[in-house]
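The structure under discussion appears below in the form of structure tokens.
The values are calculated or read from the model by the stated rules, or taken from the named source; none is laboratory data. Computed from a predicted model, the values in this text were never measured in an experiment. All Cβ positions, even for glycine, are placed from backbone atoms using ideal geometry, and neighbour counts span all protein chains on display. Just so you know, the surface numbers come from the protein's heavy atoms only, side chains and all, with ligands and any DNA or RNA stripped out. Shrake-Rupley method; radii C 1.70, N 1.55, O 1.52, S 1.80 Å.
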Amino acid sequence: MNQDRGVHRVALVTGCSRSRGIGAAICRALAADGIDIFFTYWTAYDGTMPWGADTEGPAALSQELQQHVRCASAEVDLSVSDAAEQLLDTAAAALGPLSILVNNATHSINDGYQTLDAATLDAHYAVNMRATMLLSTGFARRFTGSGGGRIINLTSGQSLGPMTDELAYAATKGAIEAFTLSLSAGLAARGITVNAVNPGPNDSGWMTDAVREEVRGRSPSGRIGTPEDAARLVAFLASDAAAWVTGQVIHSEGGFLRR
């Protein structure tokens, strides 16, 4: 997909803690296009989730990718205020100037109006908004290419319907949709496109059998989205073929029927 610019293209992909996850699939798809990969993970967060941490996942992913491209990784807590700047410096030092940024890392816990509090809001804001925004603007300031810069954010369809039990998540991810549009206009002249991808209900390891059954019943195709579905779209947006696509929030949900 990508033209030979005489230099290695390097992508920073956040949120790659699990082998089955969307982040890992994105890394594989970009590596298949010959793009070098720096990825982050944070197993402590996954350890608090019902599906648990994939402690061997990051090392296995790194070994897999190194068979095809240069790869480096780091365990990073993106909720720390200066994590974005340090991460951008670390990635560039390891693999060279970045040309692609994929903001996939997220923080999400259930919270309805009866339980939402300041601590929950702050935790979501720190990762979903602040880290994404600082990584994006820091990436743009460091970008020295004449074109081919790509920022791709992951959202979850907050503008398509309510998420009554995920108020903080919906609000912070919804903000990224607005951020994507505004940033894209500011960076277009720099040769950097900015887009967002909503992968829809995606079987990346968190779904229970009951959730799978419900999602499949509301999918016109009768199947559930996979991490590879999302990764193919991200790889397209990262490619030269998508140079004329910017400021878009692409809802890749397989026609999922919302209620």
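So here's what we get for this one:
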{"read-out": "Apportionment of accessible area to carbon and sulfur, region 200-259, percent (1.4 Å)", "value": "56 percent"}
{"read-out": "Estimated inter-spin distance, GLU85 and SER146, nm [label 7 Å along Cα→Cβ]", "value": "3.2 nm"}
{"read-out": "Using alpha-carbon coordinates, inclination of helix 227-238 to the longest axis of the chain, degrees", "value": "40 degrees"}
{"read-out": "Mean ellipticity per residue at 222 nm, deg cm²/dmol - from DSSP H runs of n ≥ 4 across the chain, formula -39500 (n - 2.57)", "value": "-11500 deg cm²/dmol"}
{"read-out": "With every protein chain in place, region 119-198: carbon and sulfur % of accessible area (1.4 Å)", "value": "61 percent"}
{"read-out": "Three-way shape call for region 50-195 based on the alpha-carbon gyration tensor, with the a/c threshold at 1.5", "value": "oblate"}
{"read-out": "Cα gyration tensor category, rounded, prolate or oblate, for the chain with a/c compared to 1.5", "value": "rounded"}
{"read-out": "Exposure of TYR125 as accessible area (Å², to 10), given a probe of 1.4 Å and all protein chains", "value": "100 Å²"}
{"read-out": "Full-stretch length increase - GLU56, THR208 - with 0.36 nm per residue and alpha-carbon distance subtracted", "value": "52.5 nm"}
{"read-out": "Neighbour-limited loop hits for chymotrypsin sites (Phe, Trp or Tyr not before Pro), region 12-55 (at most 11 other Cβ within 10 Å; DSSP other than H, G, I, E, B)", "value": "none"}
{"read-out": "On Cα atoms only, tilt of 167-187 relative to the major axis of the chain in degrees", "value": "30 degrees"}
{"read-out": "Pairwise centroid distance, computed over Cα atoms, of region 83-99 with region 184-259, Å", "value": "26 Å"}
{"read-out": "Sparse-neighbourhood loop sites, trypsin sites (Lys or Arg not before Pro) in region 4-64 - DSSP loop, at most 13 other Cβ within 10 angstrom", "value": "ARG5"}
{"read-out": "Shape category assigned to region 14-105 from the gyration tensor of Cα positions, a/c cut at 1.5", "value": "oblate"}
{"read-out": "Cα-based helix-to-principal-axis angle, 132-142 vs the chain, degrees rounded to 10", "value": "10 degrees"}
{"read-out": "Whole-number accessible area per residue in Å² for the chain, which is evaluated in the context of all protein chains at 1.4 Å", "value": "46 Å²"}
{"read-out": "Accessible heavy-atom area order of THR208, THR155, highest first, probe of 1.4 Å", "value": "THR208, THR155"}
{"read-out": "Gain on full stretching of the segment that runs from ALA32 to ASP117 - 0.36 nm per residue minus C-alpha separation", "value": "26.3 nm"}
